[in-house]
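Below you'll find the structure, written out as structure tokens, and then a few comments.
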Amino acid sequence: MRTRKLLSHETLTTVFEFAYVVLATNLLLAVASLPLLVLLVTTDPTTSWPALALALPFAFPGVAAAMTVFREFSAHGRIAVVATFLRGLRAAGVRAGLVGAVVSAVGVVVVVDAVGLWGEPLGAVVLPVLAMLVVVTLVGAPVALVLVTDRSELRLAAVLRAAFYLAVRRWYLSVLSAASLATLAGAFALRPALAVGVLAAPLLYVAWANSRYLVRSAWPVDEGETPGARRAGPGVASHGQLAR
């Protein structure tokens with residue numbers, strides 16, 4: 001009897017629906033990130049990093065669309081994955097690409113400066129600062145994408161300011177997201193097929209869930225409250241302060 005309850009129709013349905021969402025999202029992410037994936041598979045990242053930096057922003061709209069799928073699946077369960085992904089791509093794709101451009105620009109600046117300062121006396125001072133900049137960017141990027149998908153009324157500058165503020169202020173909540181993204185980045189660099197086919201959606205889901213919890217700690221959602229009307233939580237800057 002206990003085994004039957006554990007393997008009830010509802011449980012099996014939920015498992016299969018989640019598996020379908022993961023596989024379908026992985027496929028859609030692969031299509032949306034195709035230029036970046038082609039470069040990762042056909043070139044050496046240590047020499048092709050300028051081209052990778054140019055291709056990276058074009059992968060961010062797909063990530064934002066995947067986060068839209070995660071949000072709708074968490075809220076409603078059964079969803080049309082392809083339609084939801086495309087809707088998220090249309091709604092948040094442009095701003096997500098701009099977030100990606102900022103992340104890519106930071107990466108280029110850090111790489112160029114690190115190479116130029118390596119072994120120099122000034123490098124002992126500047127390189128730790130650059131390393132900290134990379135960490136802040138890594139933990140802030142998923143928060144920025146959550147804000148792009150969930151808070152469409154915020155301007156891009158406000159999104160970036162709020163993302164990095166929240167990620168740094170509540171760094172202990174950002175560590176898991178950073179670890180998930182670092183694992184995914186390493187998998188893309190070393191085993192692109194494994195990353196696309198298996199790991200992308202689950203690891204992005206971890207980063208999304210953690211980052212969304214962080215955002216909701218700043219903008220609690222009341223039942224019946226409309227998007228854009230969320231108030232700031234205790235201990236963080238108000239919505240108006242972050243949106244300026």
Using a 10 Å cut-off on Cβ atoms, rank the peptides 203-209, 24-30 from the highest mean neighbour count down.
203-209, 24-30
For each of 48, 33, count neighbouring Cβ atoms within 10 Å of the residue's Cβ, then give the residues from fewest to most.
48, 33
Evaluate the distance, in nm, between pseudo-label points positioned 7 Å from the Cα of residue 175 and of residue 91 along their respective Cα→Cβ axes.
3.3 nm
Measure nothing fancy, just the Cα-based angle from helix 156-169's long axis to the longest principal axis of the chain, in degrees from 0 to 90, nearest 10.
90 degrees
Inter-part distance where region 90-112 and region 28-54 are each reduced to a Cα centre, Å
15 Å
Using 0.36 nm times the number of residues separating residue 125 and residue 15, minus their current alpha carbon distance, what extension gain do you get?
34.5 nm
Calculate how large, on average over all directions, the projected area of the Cα convex hull of the chain is; give the answer in nm² to one decimal.
15.7 nm²
Any idea which of 184, 158, 11 is furthest toward the positive side of the dipole for the chain, if Lys and Arg beta-carbons carry +1 and Asp and Glu beta-carbons -1?
11
Can you list the HN-Hα couplings for region 136-152, worked out from phi with the Karplus curve (6.51, -1.76, 1.60; θ = phi - 60°), rounded to whole Hz and with x for Gly and Pro?
4, 5, 5, 7, x, 4, x, 5, 4, 5, 4, 5, 4, 7, 9, 10, 5
Roughly how tilted is helix 9-32, in degrees to the nearest 10 and between 0 and 90, from the longest Cα axis of the chain?
30 degrees
Give the peptides 172-183, 51-62 in descending order of average Cβ contacts within 10 Å, highest first.
51-62, 172-183
Extreme residue, positive dipole direction of the chain, given options 118, 108, 34 (C-beta unit charges):
34
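Quick note: the coordinates plus some simple rules give every number you see, no bench work behind them. The structure presented is a predicted model; accordingly, all values stated were derived computationally and were not measured. Methodologically, a virtual Cβ is constructed for each residue, glycine included, from the backbone with ideal geometry; neighbour enumeration extends over all protein chains shown.
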